[in-house]
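Structure, as structure tokens:
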Amino acid sequence: MKARLNYSEVAPSAMKGMLELEKYVHGSGLERTLYELVKTRASQINGCAYCIDMHTKDARRAGETEQRLYALDAWQETPFYTQRERAALAWTEALTLISENDVPESLYEATSVHFNEEEIVALTMAIIAINGWNRLAIGFRTVPGSYKTP
């Protein structure tokens, strides 16, 4: 695969908003491993190889286990995730696949059992951010495997 362009170099001003969104989410208090699971799961749904590579590396660095990362696309069928993580993953899937559903009230209520209102906003912003990054990486063909953990 060959990258189409480096969007960060071509339009650094366009990246400012995305980076501010990331800054907000990082400072929101969401657990780092939960955030990495959300980013990885959305990237799996969207088929973003670059982002899957990046976020599984970052998740491992944050202490996530191989077992949980390998099973993430089947999270509903495994006992490896907490109820809070399950709520976050269900919310992630619904918002990532928003054109296929109406994000039912029952899902919001189930999510709000594990997240307060401020956390739901932060979680939603995290999902918005990763879906945006996925579209950038897929659209401009960012090369998978090129990400190095800081």
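Tell me the trypsin sites (Lys or Arg not before Pro) within region 57-132 that lie in a loop according to DSSP and have at most 13 other beta-carbon atoms within 10 Å. Numbers along the way, then the final one.
Working: sites: Lys57, Arg60, Arg61, Arg68, Arg84, Arg86; in loops: none.
Qualifying residues, ordered by number: none.
Under a point-charge model restricted to the Cβ atoms of Lys and Arg (+1) and Asp and Glu (-1), what is the dipole moment magnitude of the chain relative to its Cα centre, in debye to the nearest 20? Numbers along the way, then the final one.
Working: 16 positive and 20 negative charges, 179 e Å.
It comes to approximately 860 debye.
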- Note on the structure: Nearest 10, in degrees from 0 to 90: the angle of helix 105-114 to the longest Cα principal axis of the chain is 90
- On each of the three principal axes of the Cα atoms of region 1-58, give max minus min coordinate, whole Å, ordered largest first. 33, 26, 17
- Which of Val38, Val25, Val103 fluctuates most in a GNM of the chain (C-alpha springs under 10 Å)? That residue is Val103
- Note on the structure: Computed D for region 14-139, Stokes-Einstein, Kirkwood radius over alpha-carbon pairs, 4 °C, 1.567 mPa s, to the nearest µm² per second, is 89
- Highest-MSF residue in the chain out of Ser99, Ser112, Ser43 [GNM, Cα springs under 10 Å]: Ser99
- Rg (one decimal) and Dmax (whole number) from the Cα set of region 100-150, in Å, equal 15.3, 40
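Please identify every one of the chymotrypsin sites (Phe, Trp or Tyr not before Pro) in region 68-117 that sits in a loop by DSSP and has no more than 10 other beta carbons within 10 Å of its own beta carbon.
Filter output for region 68-117: empty list.
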- Among all the aspartates and glutamates, which ones have a C-alpha under 18 Å from Lys39's C-alpha, if same-chain residues fewer than 8 places away are not counted? Glu20, Glu22, Glu31, Asp53, Asp58, Glu64, Glu66, Asp73, Glu85, Glu93, Glu119
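Values quoted throughout were computed directly from the atomic coordinates according to the rules given, and no laboratory measurement underlies them. Fair warning: this is a prediction, and the values are worked out from it, not measured in the lab. Quick reminder, even Gly has a Cβ in these numbers, built from the backbone with ideal geometry, and neighbours come from all protein chains shown.
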